[in-house]
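See structure below.
A short reminder: the numbers here are calculations on the coordinates, not readings from a lab. This is a predicted model, so every value here is computed, not measured. Here the Cβ is made from the backbone with ideal geometry for all residues, glycine too, and neighbour counts use every protein chain on show.
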Amino acid sequence: MDNRIFSSNGRLRRFRHVVILISGCLLLAACSVTHSAELPAATAVPTPTETRMKADLPDLGLAPEFKNDTWLNTDAPIRLAALRGKVVLLEFWTFACINCQRTTPWIKQWHEQYAGDDFAVVTIHYPEFSFERDIDNVANALQENGITYPVAIDNERLTWDAYGQRYWPTTYLIDKNGRIRYVHIGEFTRGSDKEAVAAIEALLAEGIP
């Protein structure tokens, strides 16, 4: 038999092997590209963030600081700046005012219900009549009415004027950032009390930015 046939067959077999090897490499490369394309791009895991609630109440501006040095039912003068992080119910009143007397049970109730790490009641006593200027008379009124929350004596109308006050009683709600968010003039009734409670609870639930 012609040796050229064997030589030709040998080259043919080597050519087939080369073709098979190249085809295999191309197939592997194609698979590699395909799988890479199928892999989703890496994304950062989102960091949980605190959900902060915002009460649906107007922002009426920064509450003025308390300016009084004489206080009852507390060992030292209270400053609003020291109450940041708390919802503060602030009432302006005078003990002989009939509307104030009718408001006191509501203030006492909310003090008992909500007082804690995030709520405080503070009242400012500004007198209408001369006998209401006597601190002993104010102290007796507190005892008679079972008032235990702090009361500032504002005979010089310092805090009264700082808030632009005109009426007894007036109740403010100050949020945890020291901003006025609610004002009620006059005594509370069955109805307006629910509005006040809703405002208190909304501000208590509100986060601090």
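Data overview
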item	result
Where labels lie 7 Å past Cα in the beta-carbon direction, separation of residue 158 and residue 135 in nm	1.3 nm
DSSP beta bridges in the range 71-205 [antiparallel fraction, %, rounded to 5]	55 percent
Cα centroid of the range 101-117 to Cα centroid of the range 164-209, whole Å	12 Å
